[in-house]
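Below: the structure, in structure tokens.
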Amino acid sequence: MNPSSDPSGSFLLDLLVTLAALAFVLALAWIFLRLLKRGMQAHGASAGVAAPRVLQAVSLGGHERLVVVRHANVDYLLGVSEGGISVLDRSPAAAAGSATAAATPFNASDSIR
């Protein structure tokens, strides 16, 4: 038998080449994702505005709920349902030193009318 016509040697060589190509692609993907993550963190930090934060959520039954969200020093009262999201009220964020105001950013009886 001719060694060049040995099918097991050819298969092993093909398998090694395929594994090397897979390792190369995975390494490129890992490097790309690390650079993308670093870029997103740098972009978020340079903007100077924090991401929106959910302060409170109250279920109204089914898929409806009231949600208080703080973004850019403004508190928003949102009505969330299957049909979408509606801004019901907005007010300036409570001062950081006022624990009572921070715990209850909205007077529910005034906001829902």
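Given their separation in residues at 0.36 nm each and the Cα-Cα distance between them, residue 35 and residue 57 gain 4.4 nm when the chain is fully extended. On full extension, the segment bounded by residue 27 and residue 95 gains 19.7 nm, given 0.36 nm per residue less the C-alpha separation.
Read-outs: derived from the displayed coordinates by stated rules, not from any lab. This one's a predicted model, so the numbers in the text were calculated from it and none came from an experiment.
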